[in-house]
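Here the structure is laid out as structure tokens; the discussion comes afterwards.
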Amino acid sequence: MCGKKSKCSFSRLEVTLIVFLVLMIAVTVVLLILHFVVKERYDTGAVRANYLLGVGRADCTGPVAEIPLMGYANPDQVGGGLLTRLYSRAFIMADPDDSKRVVFVSADIGMVSQKLRIEVLNKLKSKYGELYRQDNVILSGTHTHSGPGGYFQYTLFWITSKGLIQPSLHAIVNGIVKSIDIAHQNMKKGRLFINRGIVENSQINRSPFSYLENPESERSRYSSNTDKEMVMLKMVDENGQEMGLISWFAVHPVSMNNTNRLVNSDNVGYASYLFEQEKNKGMLPGEGSFVAAFASSNLGDVSPNTKGPFCKNTGDSCDNPQSTCPLGGATMCMAMGPGNDMFDSTRIIGQNIYLKAKELYENASQEVTGPLSSAHQWVNMSDVSVELNATHTVKTCKPALGHSFAAGTIDGVGAFNFTQGSVEGDPFWDGIRDQLLGEPSNETKACHKPKPILFSTGEMTWPHPWHPDIVDVQMATIGSLAILAVPGELTTMSGRRLREAVQREFDSHGKPQMDVVIAGLCNVYTHYITTYEEYQVQRYEAASTIYGPHTLSAYIQLYRGLARAIAMNTVQDLPRGPEPPFFNISNLTLVPAITTDRAPASKTFGDVLQDVRQQYHVGEVVGVKFVGANPRNSAENATEHNFLTVERYANSSDSWHAVQNDASWDTRFYWAKGLLGLSTVTIEWHIPQGTEPGLYRIQYFGHYRKRLSITQAVSIPFEGKSSAFEITNL
């Protein structure tokens, strides 16, 4: 005890205990503060996972031989091998309570057909009931022009695809459904981030003279006659683990031109390949959990052939309103570049797109938050009344294609003497059309003016309608992101007008600052969508705007309606619309039947006909030729068949390990058909930079068709392998 007159002092032990007590109180206060701060941040969603996310990828390649490639409308351009595999990439986004879902699929195909979409949705319904539906599933094609065709139900597309080809259709349907299955099974809590950036040196406008018809006051608002902006959506789980991305960018996947015979995913597919290979370390192409989709946008008048159009026979520029050459006309005018050949150009453009996406991905910090919604309608696009203003109403037309449709584009020229920019018919071709297909009605002619009609497809119904009347219009919103699923190819200015109109609609109904992106080639294919002004000069894109000069205005009106319904939460009140037809055309095809395969005398399938050298250097091409069999046997007897592997010998395990496969960019698989069932396969490996020195070999996997009786045949698997060869440093 301290006396009244004595000083009070503490022992050393008491001081120590007091200090510890103060420190404990301070730590407790700090921990309580941190607890409540973190709890508050979690409760406000600052660190909480905002969505349930799932990603999936599945092969949808289909047959790689004897099937017409879809895109250039050239029935003579048939598959003869494989450069890269085609994939369906699916992304599922759901509210945290899983009350609403949105599915976005980007598939390495030319476009989505109505038959394809209907079959996919039917399969999803049988598996998941009403979970995945017309309104919340978006199917988008990347628009590669090097994928197998034959998956359409409308007659026009049969002509260039040689009918309905069931193996093509089944491969795409099954691949899309499987990719959604994988995404569905891997749903986890996650977050979304959006970013935007400019992609340089990767595109030109292939119809600049059409673009110039748009008002100068409108054009002056933009720095370019193409949309150079890439929009990128990044997906991570709640722990920050990377899941995937979707990129939307406007460029035609036509770096591989119409002389190509190898199935591949073109420039945007190469971008996916690079990104997935980087993120799925140590995996072969097509393997790994990270999924990167490079989806189509308003690419209608956008070419990757950045050197521009030149006359093939003289080398002179043919950058003129008709895209014609002094000698040879329009058929000589082709765009090229930026590489030395189409493989090089594909690589350069794909790498440009990949590098920008990588930069945007790494720097994505703007988080997407908010509820999900989706809206869908079927619309008879041949009969839409469009209110241009308070006093003027116009209508869309029955489908028809103009003369310039037959001229093709500088990316893939047409035939005969057709030229772009035709605003008058040709008596010779019109006479042939009238005799074979019938003359267009006066009503259709008047509706489509100034388009001179070559094919009045909306009035042609044998054996089935030639073009769709009923089309899908669809929109999905994920927080502040709105995805417009457009059933065609919008030109640059058409896309700008549609995006701005939808943004204004959201703004006026209490949803400002929406990020609006266009997903092209969705749900059903309806060719092109130009502005009214571009339509007047009738280059290829305008001649292929099948519902007439007011097509864009009709779509703007329709998508504004979807945006309004989403913003006002009245989606349930939208008219469902007239359901499209479904034609049973399962066996109509002109593709030759698969014949019995034969090997040469004293040889068997898989035997080496021309072997490798003993030694190679990086940058050289390894080539080996085998006794082959029709690759269609493999497509029809295996869901995900691999035609080749490049294998490296490992001394440590005394075994061979695959380092590349037929989905690798550096491998090429060529099939050559001979007489009486004979065929050969040539496999090339273009040895890439960074390849480790060592011992390698190439293996070939196939199926040959053997007939057991007049009515029964079987496909029998076989293998072949090259001799071992050494790769050395220079």
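For segment 130-178, the set of residues classified as in a loop (DSSP other than H, G, I, E, B), open to solvent by 10 Å² or more (accessible area, probe 1.4 Å) and either at positive phi or basic (Lys, Arg) (or both) consists of Arg133, Lys162, listed by residue number. Filter segment 600-639 down to the residues that are under 30 Å from Ile172 (Cβ atoms), surrounded by fewer than 17 Cβ atoms within 10 Å (Cβ to Cβ) and of a type outside the set (Gly, Ala, Ser), then identify the one that is modelled with the lowest pLDDT. Checked segment 600-639; the qualifying residue modelled with the lowest pLDDT is Thr639. The conditions of being farther than 17 Å from Tyr528 by Cβ, in contact (Cβ under 8 Å) with a residue 60 or more places away in the chain, assigned to a loop (DSSP other than H, G, I, E, B) and not aliphatic (A, V, I, L, M) are met by Asn417. Being of a type in the set (Phe, Trp, Tyr) and open to solvent by less than 60 Å² (accessible area, probe 1.4 Å) is the filter; apply it to segment 559-599 and report the residue that is nearest to the chain's Cα centre (by Cα). Only one residue fits best here, namely Tyr559. For segment 692-723, which residues satisfy the criterion of being part of a strand (DSSP E or B), surrounded by fewer than 13 Cβ atoms within 10 Å (Cβ to Cβ) and at pLDDT 95 or above? Passing the criteria: only Glu719. In segment 652-665, how many are at pLDDT 95 or above and more than 21 Å from the chain's Cα centre (by Cα)? Qualifying residue count, segment 652-665: 7. In segment 488-588, counting only helices (runs of 4 or more DSSP H) that sit wholly within it, the ones holding 1 or more residues that are within 26 Å of Glu367 (Cβ to Cβ) and of a type in the set (Phe, Trp, Tyr) span 492-508, 551-567.
Residues in segment 510-553 that are among the acidic types (Asp, Glu) and touching a helix residue (DSSP H, G or I) at 6+ places or on another chain (Cβ under 7 Å): Glu534, Glu541.
Let's see how each residue does on (1) in a helix (DSSP H, G or I); (2) within 15 Å of Arg496 (Cα to Cα); (3) open to solvent by less than 30 Å² (accessible area, probe 1.4 Å):
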{"residue": "Arg191", "(1), (2), (3)": "no, no, no"}
{"residue": "Phe209", "(1), (2), (3)": "yes, no, no"}
{"residue": "Asn225", "(1), (2), (3)": "no, yes, no"}
{"residue": "Leu233", "(1), (2), (3)": "no, no, yes"}
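Among the candidates Thr331, Thr324, Thr306, which residue alone is among the hydroxyl-bearing types (Ser, Thr, Tyr), touching a residue at least 24 places away in the same chain (Cβ under 8 Å), surrounded by fewer than 24 Cβ atoms within 10 Å (Cβ to Cβ) and within 22 Å of Thr160 (Cβ to Cβ)? Selected residue: Thr331, the only one of Thr331, Thr324, Thr306 that is among the hydroxyl-bearing types (Ser, Thr, Tyr), touching a residue at least 24 places away in the same chain (Cβ under 8 Å), surrounded by fewer than 24 Cβ atoms within 10 Å (Cβ to Cβ) and within 22 Å of Thr160 (Cβ to Cβ).
Scanning for something farther than 24 Å from Phe209 by Cβ and either surrounded by fewer than 24 Cβ atoms within 10 Å (Cβ to Cβ) or of a type outside the set (Phe, Trp, Tyr) (or both), does segment 534-554 turn up at least one residue? Checked against the condition, which is being farther than 24 Å from Phe209 by Cβ and either surrounded by fewer than 24 Cβ atoms within 10 Å (Cβ to Cβ) or of a type outside the set (Phe, Trp, Tyr) (or both), segment 534-554 yields at least one hit.
Residues checked against (1) farther than 26 Å from Ser365 by Cα; (2) buried (at least 24 other Cβ atoms within 10 Å of the Cβ); (3) among the small types (Gly, Ala, Ser):
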position	(1), (2), (3)
Glu229	no, no, no
Val236	no, no, no
Asn239	no, no, no
Ile246	no, yes, no
Pro253	yes, yes, no
Leu262	yes, no, no
Glu278	no, no, no
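The residue that is nearest to Arg564 (Cα to Cα), counting only those in segment 366-378 that are aliphatic (A, V, I, L, M) and touching a Phe, Trp or Tyr at 6+ places or on another chain (Cβ under 9 Å), is Leu372. Restricting segment 283-334 to residues that are of a type in the set (A, V, I, L, M, F, W, C) and part of a loop (DSSP other than H, G, I, E, B), which is modelled with the lowest pLDDT? Checked segment 283-334; the qualifying residue modelled with the lowest pLDDT is Leu327.
Of all residues in segment 439-465 being of a type in the set (Gly, Ala, Ser) and touching a helix residue (DSSP H, G or I) at 6+ places or on another chain (Cβ under 7 Å), which is most open to solvent (accessible area, probe 1.4 Å)? Only one residue tops the list, namely Ser441. Counting only residues that are farther than 24 Å from Ser265 by Cα and open to solvent by 40 Å² or more (accessible area, probe 1.4 Å), segment 640-679 holds 11 of them. If you go through segment 393-431 and keep only what is acidic (Asp, Glu) and more than 23 Å from Val302 (Cα to Cα), you end up with Glu424, Asp426, Asp430.
Going by the conditions given, is Asn122 out of contact with any Phe, Trp or Tyr (no Cβ under 7 Å at 6 or more places or on another chain), assigned to a loop (DSSP other than H, G, I, E, B) and surrounded by fewer than 20 Cβ atoms within 10 Å (Cβ to Cβ)? No.
Counting residues in segment 487-501 that are under 23 Å from the mean Cα position of the chain (by Cα) and among the β-branched types (Val, Ile, Thr) gives one or more.
Could you count how many residues in segment 179-189 are assigned to a helix (DSSP H, G or I), of a type outside the set (Val, Ile, Thr) and open to solvent by 10 Å² or more (accessible area, probe 1.4 Å)? Selection size over segment 179-189: 3. Of the listed requirements (1) in a strand (DSSP E or B); (2) farther than 20 Å from Leu274 by Cα; (3) in contact (Cβ under 8 Å) with a residue 12 or more places away in the chain, Val646 misses just one: (2). A count restricted to segment 671-691 and to residues that are part of a strand (DSSP E or B) and not aliphatic (A, V, I, L, M) stands at 8. The C-beta contact set for segment 40-58 (first residue open to solvent by 20 Å² or more (accessible area, probe 1.4 Å), second residue aliphatic (A, V, I, L, M) and modelled with pLDDT of 95 or more, distance under 6 angstrom, 6+ apart or interchain) comprises Leu52/Ala94; Leu52/Met187; Arg57/Val291.
The values are calculated or read from the model by the stated rules, or taken from the named source; none is laboratory data. From a predicted model like this one, the values you see are computed outputs, not experimental measurements. Neighbour counts are summed over all protein chains in view; Cβ atoms, including those assigned to glycine, are modelled from backbone coordinates with ideal geometry. SASA here: full protein model, heavy atoms, side chains in, ligands and nucleic acids out. Shrake-Rupley method; radii C 1.70, N 1.55, O 1.52, S 1.80 Å.
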